[in-house]
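Enquirer: The structure is given below, and queries will be raised subsequently.
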Amino acid sequence: LKSLNLSLEGQYPNLKAGFFSLQLDFAKDTVQLWYGYEQELLGEYRVLGNAKEVKKQIESFLKTGGSGLEPEAFIDKLKKAYQHLLQQKNEHDNQGIPIIQVWLRMASWEIQTDQFQQEPLPENMKKYSRAEFSYDWYKSKKIASQKGLHFTVAVKAYSKNIQDYLWIPSSNRGEGSVYSFLKFEAKEAPQSLNSETTKQLNLITKNQGETK
């Protein structure tokens with residue numbers, strides 16, 4: 001994995017390499033490759049003779065994992081999905097929208113090609129996994145904050161069922177948190193000065209200039 005700038009850490013049966021973790025079971029001759037620490041299963045292989053296959057899977061995910069969108073385009077589509085779901089609720093909800101509902105909307109429509117949207121057949125549909133959605137978020141996190149996107153860390157009630165949360169890494173070392181809701185909040189524009197305040201400031205500036 002050195003060619004991918006990754007190194008294996010940990011002790012048998014649990015190893016990790018960046019975003020990924022591996023669970024080995026020599027008794028069953030299997031190794032499971034996970035995104036995150038047992039968050040999203042990417043594949044299962046025979047232990048013996050399949051190291052190259054595991055590396056190939058990791059390399060493929062790092063190169064092509066995600067929607068293929070640039071971060072800003074991804075956040076724009078994420079906002080469209082959020083607004084679509086928010087309109088369906090027909091109510092104001094300070095909590096935001098469940099993160100898995102947003103992923104489902106993204107996977108079923110927003111990231112799909114024009115061909116699928118014109119003719120939504122299974123053979124035209126692009127696959128988009130939970131792990132890919134999470135990885136897109138990780139790559140877009142700087143722009144996400146600038147666009148007013150906020151996440152809610154999953155409390156205990158929302159961290160028991162995988163259908164209620166999603167793990168998102170916070171670094172390329174594999175640290176991360178599980179989130180349950182997301183919300184877009186418009187950033188307030190700086191308030192403009194009214195005419196009276198402007199006049200007073202101009203008068204102060206003028207007086208300061210005369211006293212110098």
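The values are calculated or read from the model by the stated rules, or taken from the named source; none is laboratory data. Remember, it's a predicted structure, so these values are computed and weren't measured experimentally. Virtual Cβ from ideal backbone geometry, glycine too; neighbours counted across all protein chains shown. Side chains are part of the model used for accessible areas, which takes the heavy atoms of the whole protein and leaves out ligands, DNA and RNA. Shrake-Rupley method; radii C 1.70, N 1.55, O 1.52, S 1.80 Å.
Enquirer: Give me a count of the residues in segment 66-81 that are under 13 Å from Phe184 (Cβ atoms) and among the acidic types (Asp, Glu).
Expert: 1
Enquirer: OK, next. Can you find even one residue in segment 10-20 that is over 19 Å from the mean Cα position of the chain (by Cα), open to solvent by 30 Å² or more (accessible area, probe 1.4 Å) and within 27 Å of Lys142 (Cβ to Cβ)?
Expert: The answer is yes; a qualifying residue exists.
Enquirer: Conditions: (1) under 22 Å from Asp164 (Cα atoms); (2) open to solvent by less than 80 Å² (accessible area, probe 1.4 Å); (3) not in a loop (DSSP other than H, G, I, E, B). Glu38 meets all but one. Number of the miss?
Expert: Checking Glu38 against (1) under 22 Å from Asp164 (Cα atoms); (2) open to solvent by less than 80 Å² (accessible area, probe 1.4 Å); (3) not in a loop (DSSP other than H, G, I, E, B), the one that fails is (3).
Enquirer: Moving on. Could you tell me whether Lys141 is at pLDDT below 90 and either open to solvent by 80 Å² or more (accessible area, probe 1.4 Å) or more than 16 Å from Leu182 (Cβ to Cβ) (or both)?
Expert: On the way: at pLDDT below 90: yes; either open to solvent by 80 Å² or more (accessible area, probe 1.4 Å) or more than 16 Å from Leu182 (Cβ to Cβ) (or both): yes.
Here the answer is yes, as Lys141 does meet what is asked.
Enquirer: Restricting attention to segment 1-27, report how many residues are of a type in the set (S, T, N, Q), part of a strand (DSSP E or B) and farther than 22 Å from Trp167 by Cα.
Expert: 1
Enquirer: Between Gln112, Gln118, which is surrounded by fewer than 17 Cβ atoms within 10 Å (Cβ to Cβ), over 16 Å from the mean Cα position of the chain (by Cα), farther than 17 Å from His150 by Cβ and without any contact (Cβ under 8 Å) to a residue 60 or more places away in the chain?
Expert: The match here is Gln118.
Matching residues to (1) open to solvent by 80 Å² or more (accessible area, probe 1.4 Å); (2) within 20 Å of Gly174 (Cβ to Cβ); (3) in contact (Cβ under 8 Å) with a residue 40 or more places away in the chain:
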{"position": "Gln23", "(1), (2), (3)": "no, yes, no"}
{"position": "Thr30", "(1), (2), (3)": "no, no, no"}
{"position": "Trp34", "(1), (2), (3)": "no, yes, no"}
{"position": "Leu42", "(1), (2), (3)": "no, yes, yes"}
{"position": "Val54", "(1), (2), (3)": "no, yes, no"}
{"position": "Glu59", "(1), (2), (3)": "no, yes, yes"}
{"position": "Gly65", "(1), (2), (3)": "no, yes, yes"}
{"position": "Glu70", "(1), (2), (3)": "yes, no, no"}
{"position": "Tyr82", "(1), (2), (3)": "no, no, yes"}
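Enquirer: Moving to a separate point now. Could you please let me know if Lys206 is assigned to a helix (DSSP H, G or I), open to solvent by 50 Å² or more (accessible area, probe 1.4 Å), at pLDDT below 60 and not hydroxyl-bearing (Ser, Thr, Tyr)?
Expert: yes
Enquirer: If I go through segment 80-118 residue by residue, how many of them are among the acidic types (Asp, Glu) and either modelled with pLDDT under 90 or in contact with a Pro (Cβ under 9 Å, 6 or more places away or on another chain) (or both)?
Expert: As a first pass, look at segment 80-118 and keep what is among the acidic types (Asp, Glu): 91, 93, 110, 114.
Okay, now just the ones that are also either modelled with pLDDT under 90 or in contact with a Pro (Cβ under 9 Å, 6 or more places away or on another chain) (or both), so 91, 93.
Qualifying residue count for the region: 2.
Enquirer: A further question follows. Condition first: over 16 Å from the mean Cα position of the chain (by Cα) and outside any strand (DSSP E or B). Can you find one or more residues in segment 64-74 that meet it?
Expert: For segment 64-74, residues over 16 Å from the mean Cα position of the chain (by Cα) and outside any strand (DSSP E or B): absent.
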